[in-house]
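Student: I have a structure here, written as structure tokens, and I will follow up with some questions on it.
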Amino acid sequence: MRKLFFAICFIIFSSTLAKADVTTLDEAAQNRSTPQNSDPFQPVDGMPDPKNLEEVISFFKKRFENANISTLEEMGDLSKPGAMDIQHSAEYISDLANQKKSTFEKIYDAAMQRISGEKTQNNTEQTLFYNLAQNNFEQQLAVPTDFPVVDVVLPTGNKIMAPAMEHIPYILTSINILPTGLVKVDEEITVIANNQKLQNGFVKVLPKFSTSRTKVKKKLDIDLINVSINGENVAHILEEIGDKIYIKPIEKYTLAPGVYNYKFSYFLDRKLWYYNDFTEFYWDVTGSYLNLVIGSANAIVSVADGKSFLSQSVLTGYNKRLSSDRAVIANLDSNALGFASTTPILPGEGMHILVSLDKNTFLSPDINRSFVWFVTDFGDMLFATFGLLAILGAYILSWAYIKKNKSKTGAVFNNSAAGNRYFLTNNFDAKSFVGFLLEMKKKQYIDIQKQENNILLIKKTDNLSALKKGEKKALNQLFSGKDSVISAGLPNALKFKRAYKELEKSIVSAVKFFSLKLNIGYLVFSVLMLLLSTVAIAMLAINPIQTGVILVSSIIAIAFYTHMLRKKFNSKIVSYIVKFFSSAFIVFSVLLMSVYIHFVSAVILAAIVYIIFEYSTMFIKRGGLLKNKIKDIEKLKSYLESNVSSISISQEFANQQANIYVFELDNLFTKTDKNKKHYLLDVAKEIENIL
């Protein structure tokens, strides 16, 4: 309540733009303003007596004789991309074209002229802007009947008249700097909405970083407490975009034309800068981001009882064109200062306050708090680096484990003659396909007969449910339609080619899937570490969900385009195009992540994705996780080669005939009385030659 009393004490009249010296924020530290008396009714040189209505009206009329205006032609085409982002109603544009402008429209026009640097012309038309009522001053100004106005009740309880155009008549920011260094901010913002810029409500914009005199940047810690509109609490969230934080409603709504009082309440940490001899606090009351005219900007800065300020400054205007003559400072109490603008704040302008206090006013940051700040600043790089080192370490140890032949996996590959040959030779060829036919003969799905110079394949059953998908497709390609008997020759070359392709695709896919099963433990660990690093990084952000979604989406995109980058294409032109666009999208994804986290962290996350691909590929090479499977197949081949005699006279020959053929051991096994019933190695050779 005391802060509200302070606010009522120093609400200042709005007036026209005053000519002032230009200064910068850096100069403000050496050129501090002296606080004025806190009595709001104390006469000020050049200002009218606020209790004398006629004197006030006369003062404003004289001031506005020198108001700057411009024509519609001088403003240029507002629809062009380079034009200032100000949305106007059709009625407003029509009024401009007809040179029938209200004073508030001229304020907008003057703002654009100042930004663009275009020349303006003087206006002699005597019009009124509006009057901010002082305490105990409840009379309304007499205005022309054709001037649209609305009654506005300020948070102070005072009632004023304001133009019925979108703008902000009043801002009051109450800043309480606590002994711990935390800053409690309560903002009251009165807006007049007209279904234009404020169609979806007012969005508060805050800086993401605080910068010291020596240009050192640190990330602010913002804790949103509450947002209310006309006394009703409305759920809002913090959203990061670039170097700004937006306080936005969770659920979108349409703001009907009218007058609204917004209240924002939040805590700031790391807003103070601790120097050798003093502590400094800086804040831009209007934010310099608003695309609306602000009638009156006010701020109260208070510290703990018994403490006081060493110095204070207030600067108003555009960046690098700041003036100290457009705002006043009032001593509200021994530990409270009031800051108030004396002219309207135009779009893009800011009202910057800077106060210095004795360093003993605050508790020095302890080790724990300093560590938390360090994590806030560099935590994303720490977590990203930790994830990278964990993955690298795990892969290096795992590779050493594999090299010692100690790797054990539970993955199983359904052995087949064609698959065994693929593991052994890393290739699928005609011998692999013939081995498949011999296997189908053993399983009684087909019969292979030689009649004179013709080799026939005879389908024995239509029930293929026990076969793998690729094997079914291969047999269906051979025996298409109602065919049950085909010859192995030129007339059926297309059928054999199609069956060959289906089986090849099936074997290659099966081997890749088996490799994935072997590698799944390493992949899960890597992806889990990447996910944990990403979640940890997101938790440091202002809005963890928003940042997490951006990071995960970018990582998925990087993974996809890394896969495309490594993919081989038959056409060199297609390969170059894919590689170019994949590289471009990877760079774009890294840059997108760097908007929310450090660029170094974004690069590390991209590197983790690449390492996962690289190590996974290396693991499934023939000297990696496939090594044990290949050794098992080599043992089978060695067994068949060492036991020719015993195998030839037993039923095992029929079971292993397909493997004997794909292992190229057919020359060791000859036809005997014991195996002649099943012996097809000679026929298989002929089929291979036909293919």
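The values are calculated or read from the model by the stated rules, or taken from the named source; none is laboratory data. Treat the numbers as computed from the prediction; the structure is a model and nothing was measured. With ideal geometry, Cβ positions are generated from the backbone for all residues, glycine too; neighbour counts draw on all protein chains shown. Remember, those area values only see protein heavy atoms, side chains included, never the ligands or the DNA or RNA. Shrake-Rupley method; radii C 1.70, N 1.55, O 1.52, S 1.80 Å.
Student: If a residue has to be surrounded by 12 or more Cβ atoms within 10 Å (Cβ to Cβ) and either among the small types (Gly, Ala, Ser) or not in a helix (DSSP H, G or I) (or both) to count, how many in the stretch 555-583 make the cut? So that I can check it myself, show each step before the final result.
Tutor: We begin by selecting, within the stretch 555-583, every residue surrounded by 12 or more Cβ atoms within 10 Å (Cβ to Cβ); these are 555-566, 569, 575, 577-579, 581-583.
Checking which are either among the small types (Gly, Ala, Ser) or not in a helix (DSSP H, G or I) (or both) leaves us with 557, 559, 569, 575, 582-583.
Number of matching residues: 6.
Student: In addition: Output the residues belonging to the stretch 542-574 that are free of Cβ contacts under 8 Å to residues at least 12 places away in the same chain and under 30 Å from LEU224 (Cβ atoms).
Tutor: Looking only at the stretch 542-574, we keep the residues that are free of Cβ contacts under 8 Å to residues at least 12 places away in the same chain, and these are 544-545, 549, 553, 556, 560, 567-574.
Residues satisfying the conditions are PRO544, ILE545, VAL549, SER553, ILE556.
Student: Any residue that is surrounded by fewer than 17 Cβ atoms within 10 Å (Cβ to Cβ) and in a helix (DSSP H, G or I) - is there at least one of those in the stretch 669-681? Give the derivation first.
Tutor: Initially, the stretch 669-681 is screened for residues surrounded by fewer than 17 Cβ atoms within 10 Å (Cβ to Cβ), giving 670-674, 676-678.
Now restrict to residues that are in a helix (DSSP H, G or I): none.
No, the stretch 669-681 contains no residue that is surrounded by fewer than 17 Cβ atoms within 10 Å (Cβ to Cβ) and in a helix (DSSP H, G or I).
Student: Across the stretch 189-223, what is the total count of residues that are open to solvent by less than 40 Å² (accessible area, probe 1.4 Å), under 23 Å from ASN176 (Cα atoms) and assigned to a strand (DSSP E or B)?
Tutor: Qualifying residue count for the region: 10.
Student: Of all residues being in a loop (DSSP other than H, G, I, E, B) and in contact with an Asp or Glu (Cβ under 8 Å, 6 or more places away or on another chain) in the stretch 457-473, which is least open to solvent (accessible area, probe 1.4 Å)? Just the residue, please. Please lay out each step first, then the result.
Tutor: Let us first name the residues in the stretch 457-473 that are in a loop (DSSP other than H, G, I, E, B), namely 460-468.
Filter once more, keeping what is in contact with an Asp or Glu (Cβ under 8 Å, 6 or more places away or on another chain): 460, 464.
On the way: LYS460: 105, LEU464: 20 Å².
Going through the qualifying residues, I end up with LEU464.
Student: Moving on to the next point. Mind listing whichever residues of the stretch 417-436 are open to solvent by 10 Å² or more (accessible area, probe 1.4 Å) and polar (S, T, N, Q)?
Tutor: Those that are open to solvent by 10 Å² or more (accessible area, probe 1.4 Å) and polar (S, T, N, Q): THR425, ASN426, ASN427.
Here is a yes/no grid of residues against (1) assigned to a helix (DSSP H, G or I); (2) out of contact with any Pro (no Cβ under 9 Å at 6 or more places or on another chain); (3) more than 19 Å from ALA658 (Cα to Cα):
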position	(1), (2), (3)
ILE455	no, yes, no
LEU475	yes, yes, no
LEU494	yes, yes, yes
ALA499	yes, yes, no
LYS505	yes, yes, yes
SER515	yes, yes, yes
ASN519	yes, yes, yes
LEU528	yes, yes, yes
ALA536	yes, yes, yes
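Student: Consider ILE597 carefully, then state whether it is touching a residue at least 24 places away in the same chain (Cβ under 8 Å) and outside any helix (DSSP H, G or I).
Tutor: Numbers: touching a residue at least 24 places away in the same chain (Cβ under 8 Å): yes; outside any helix (DSSP H, G or I): yes.
Yes: the conditions hold for ILE597.
Student: Still on this structure, please answer the following. Can you list the strands (runs of 3 or more DSSP E) lying wholly within the stretch 309-404 that have 2 or more residues being crowded, with 16+ Cβ neighbours inside 10 Å and without any contact (Cβ under 8 Å) to a residue 60 or more places away in the chain? Full working, then the answer.
Tutor: On the way: elements: 309-318, 321-323, 327-333, 336-341, 350-358.
Because the criterion is at least 2 residues that are crowded, with 16+ Cβ neighbours inside 10 Å and without any contact (Cβ under 8 Å) to a residue 60 or more places away in the chain, the strands (runs of 3 or more DSSP E) in the stretch 309-404 that meet it are 309-318.
Student: Does ALA474 satisfy the condition of being closer than 30 Å to ILE611 by Cβ and modelled with pLDDT of 85 or more? Steps first, please.
Tutor: Numbers: closer than 30 Å to ILE611 by Cβ: no; modelled with pLDDT of 85 or more: yes.
When the stated conditions are applied, ALA474 does not pass them.
Student: Among residues belonging to the stretch 474-486 that are open to solvent by 30 Å² or more (accessible area, probe 1.4 Å) and under 16 Å from LYS441 (Cα atoms), point out the one that is nearest to the chain's Cα centre (by Cα). Reasoning before the result, please.
Tutor: First, pick out the residues of the stretch 474-486 that are open to solvent by 30 Å² or more (accessible area, probe 1.4 Å): 476-477, 480-485.
Adding the requirement that they be under 16 Å from LYS441 (Cα atoms) leaves 476, 484-485.
Details: ASN476: 50, SER484: 60, VAL485: 62 Å.
Within the stretch 474-486, the match that is nearest to the chain's Cα centre (by Cα) is ASN476.
Student: Confirm whether ASN291 is open to solvent by 30 Å² or more (accessible area, probe 1.4 Å) and under 19 Å from SER341 (Cβ atoms). Write out each step before concluding.
Tutor: Values: open to solvent by 30 Å² or more (accessible area, probe 1.4 Å): yes; under 19 Å from SER341 (Cβ atoms): yes.
It is true that ASN291 is open to solvent by 30 Å² or more (accessible area, probe 1.4 Å) and under 19 Å from SER341 (Cβ atoms).
Student: Six or more apart or on different chains, Cβ atoms under 7 Å: show the pairs whose first residue is in the stretch 275-293 and closer than 15 Å to LEU354 by Cα and aromatic (Phe, Trp, Tyr) and whose second is modelled with pLDDT under 85 and open to solvent by 40 Å² or more (accessible area, probe 1.4 Å).
Tutor: PHE278/LYS359
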